[in-house]
Amino acid sequence: MHKKFNLTSFNLYEFLKHQNSHGFNVPFFLADRHTYQSAHVNFPFRTFTFGLGVTYSGEGDVFKIGSTDYLVTGGCLTTVGPGMVCQWTGNYTAEHDTVYFTEELLAGLQNNSFLHSLSFFFHGGRHVIRLSDDQTRKMASLFSLLKELRDDKSAVPGIVHSLLMLAESFHSELSGQPQNAGSPNGVSNRVSNGISNKEKIAQAFRKLVAEHFPEHKEVAFYATALHITPKYLSEVLQAELGKPAKAFIDEYVVMEAKSLLKQTSLSIQEICYWLGFEDASHFNKSFKKQTNTTPTEYRKN
């Protein structure tokens, strides 16, 4: 079980609001391509809010969520929820609109069950999908209205709610569509439409890893939970995500470790405990094997 350490030493949401002189008394924040240019957040970070964004241009930047790489190009809808470790691997200078918000924003419109019913905000969900030109135009129209009325506290919750309803409808439309072929490296197919049986297995695996990685870092546990063999699980992961199951688990743990090292003031021993390692020596060895540096060196640099 996780010891309940304070993980909010660095909160990207509040950091971006401060960097852009955005009011701290409002439970949302709007970002565009100019927002991140001065942020210089190039390490994996844990999210504390909901985020929904539409990218309008660009040939593709890789956005890493956990240890899944998503190629975000023009016409992509991206969603993340609280508690996810994410990282931009490029400069992300594409034209886009993104809204970050807390549950407080929608308190007067919906209860918490509404947000928590949207699977694309949580581990195992489809965090990046490709939109049609018409769908992109609809999202852009709502973002334009949101920017125009951003100072109207009575209007903002309804507009954000409309964005969520549109996103939910776009995700629902995908379930009956055939899956497009993805690239061999497992990146491009993260934004193809339709859900195959293999993708369902990959989604379930990602959700299980997020829930159980501190206690279970072996492939057999997840294969048993999914009622398939470890060999078949790795074959599915290789096809869907571009990496076998063990590599996915190890990379997921490293992403969590990097976030804790950069985003909190927890000691190495506390991080070791949080991640479920037997001792600091085992953690140091595993971290260095994956990153070619020690946890202490990574934190300093």
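Every read-out reported here was derived from the displayed coordinates using simple, explicitly stated rules and does not represent laboratory data. In this text, all values refer to a predicted model and were calculated from it rather than measured experimentally. As a convention, Cβ positions derive from the backbone with ideal geometry for all residues, glycine included, and neighbour counts pool all protein chains shown.
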Where the centre of each part is set by its Cα atoms, how far does the range 93-171 sit from the range 261-299, in angstrom?
36 Å
Enumerate the aspartates and glutamates that LYS246 could reach by cross-link, defined here as Cα to Cα under 12 Å, with residues fewer than 8 away along the same chain left out.
GLU218, GLU235
Expected unfolding gain across LYS207-SER267 under the 0.36 nm per residue rule, minus the alpha-carbon gap, is 18.9 nm
Order these by the 10 Å Cβ neighbour count, fewest first: LEU77, LEU106.
LEU106, LEU77
Could you calculate the contour length gain from PHE221 to LEU109, that is, 0.36 nm times the residue separation minus the distance between their Cα atoms, to one decimal place in nm?
36.2 nm
What nm distance separates the two modelled labels at ASP152 and ASN197, each placed 7 Å from Cα along Cα→Cβ?
5.1 nm
So, by mean Cβ neighbours within 10 angstrom, what's the order for 142-153, 259-270 with the highest one leading?
259-270, 142-153
A chain fully extended from SER162 to SER57 at 0.36 nm per residue, minus the present Cα-Cα distance, gains in nm 35.5 nm
Relative packing of peptides 52-58, 214-220 - highest average C-beta neighbours within 10 Å first
52-58, 214-220
Peptides 245-256, 273-284, 115-126: what's the order by average Cβ count within 10 Å, highest mean first?
245-256, 115-126, 273-284
Among residues other than PRO44 whose Cβ falls under 12 Å from its Cβ, what is the net charge (Lys/Arg +1, Asp/Glu -1)?
+2
